[in-house]
Each structure stands twice: as structure tokens, then as C-alpha cells.
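The values are calculated or read from the model by the stated rules, or taken from the named source; none is laboratory data. Remember, it's a predicted structure, so these values are computed and weren't measured experimentally. A quick note on method: Cβ atoms are made from the backbone with ideal geometry, for glycine too, and the neighbour counts reach across all protein chains shown. Just so you know, the surface numbers come from the protein's heavy atoms only, side chains and all, with ligands and any DNA or RNA stripped out. Shrake-Rupley method; radii C 1.70, N 1.55, O 1.52, S 1.80 Å.
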Amino acid sequence: MERILITPRSFGKSDPSVFALIKKAGYEPVINPYQQIMTKEQMMASVKDVVGIVIGVDPLDSDVLKNALELRAIAKYGVGTDNIDLTFCEQNNIAVSTTAGANANAVADYTFALTMAVARRLVFINELCHQKNWTKIMGNDIYGKRLGILGLGTIGKGVARRASGFEMETYAYDVFQDTEYAKSNRIKFASLDKIFEECDFISLHLPLTDETRHIINHTTLAKMKPSAILINT
């Protein structure tokens, strides 16, 4: 029976029936035995006899893929493909797909949870309370503040919708501007400089490419307000 390697530890946790579907299609699912993100060496050993891979953030560069002589397809458990050598896949007729939108609400929820936790210093205050330290700690307001979203895709739009409940003034940067959506949701497109210089909160939702790599750097950080909060999911 042909085998499919599944590396994400959360795959099938909420709905184990997915494994039955794989078996019904005639494949044997091979579960990540390490219970952690697999190393390059572990991946090289695990891909040798599989025809498919459901991949998380584990490495799938050319060194790993050269060992996958039977591989026909890779399914990304998410949307980011920066851990996959797409050029190698194209040259070797290995199909690559993503699960666009599948985790968008979860990531948007997590983004806003982090925003509130950092602004209100919840983790720090909680730690002090466990130490029986009742020092008064001041946080930052979120309501009515200015939010900058870098990458107004599915997740970025989800963050913007959540921010609207806090009456935040939302700015967005994206190479591909969905102007109709922005207009109907009171989002203003702005330059990177404007977002870095004026926003109280900045949230990153850009794919990792040669153009976006290190978009947060010494220069851009220096432009931000001393009180600004940066969220990177």
C-alpha cells in the first residue's frame, strides 16, 4: 500500500475520520512519530518511500526532497510554503497545494488575543499575582487606537473585522488591494512608512518572499512609536 507522511501533530485531532478517508482512498497514513517539528535529518529518513506528504512547518528543501523518489504530491497544512522548495517540486513534477482559509479564523482570533494580552500585559500581571505581588501595572488601551495590518488577505481581513468591534482606525498595506472590501469595512490603504510611523498596533500577515523577508528591521523599528506593539503570527 502506498504511504502518505503526515507531519503536523494537530492533523486529525478534531476529526479523526480524515484517517479513514485516506485509508479508503488506498493509502497508508504515516504519522509523525517524534511529536515535535521534524528535523531535516528526520525528514530525509521519513520521505524515502512516500508518495504524498501532508506538511506543517517541517523542512522540505531540496536536500530532503532528493530522498523522496516516489513523491507525487505535497499538501501544506496551512498556507505558507516558505519551507518547501517549490522550484525543485516544479522541476520534478511534484504537485503542491495549500489549505487556503482553513485556519484563517483561528489565526485571526489568536492575533487579537495576543494584541489584548500584550497591550494589557496580562501574562506579566498574572505572573505577579502568582507571586502574591499586587503592584499596580498599567497597560495600553486598544479601543479607538490605530491598527496597521501588513497583508490584507483572508487572515488580515479577519483581524480587521475583530478590530472594528474596538472602533479601531484600521490601515492596511498590500500589493494587491481589495479596494471594495476596504471601503465597505472602513479600512484605509496606506504606505509602509505611514503604518510604521503612525500606528499604535502593527500586525503581520504577509507571505514570506524575497520581497517581504526582513520587512521588520532596524530602520522600520526605529520609525515606530516607542509605545507601539508589534504582533507577528
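Here are the numbers for this structure:
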item	result
Cross-link table 145/188; 145/223; 76/183, entries beyond 21 Å C-alpha to C-alpha	76/183
Residue with peak Gaussian network fluctuation, the chain [Cα springs, cutoff 10 Å], from 111, 170, 179	179
Å² per residue, accessible surface of the range 1-153 at 1.4 Å	59
Residue of 192, 128, 71 that the Gaussian network model of the chain assigns the largest fluctuation, springs spanning Cα pairs under 10 Å	128
Long-range amide H partners of residue 146 with built H, under 5 Å	169, 200, 201
Dipole magnitude (debye, nearest 20) for the range 81-233, charges at Cβ of Lys, Arg, Asp, Glu	800
Computed label-point distance, nm, for sites residue 233 and residue 129 using a 7 Å Cα→Cβ extension	2.4
The range 172-212 shape via C-alpha gyration tensor axes, a/c threshold 1.5	oblate
Crossing angle, helix 104-119 versus the chain [Cα axis fit, 0-90 degrees, rounded to tens]	40
Cleavage-rule hits, chymotrypsin sites (Phe, Trp or Tyr not before Pro), the range 137-186, DSSP coil, Cβ neighbours within 10 Å at most 12	143, 176
Coil-residue trypsin sites (Lys or Arg not before Pro) of the range 82-159, DSSP, other Cβ within 10 Å capped at 11	132, 136
Carbon/sulfur fraction of accessible area - the range 73-205, other protein chains in place, 1.4 Å, %	52
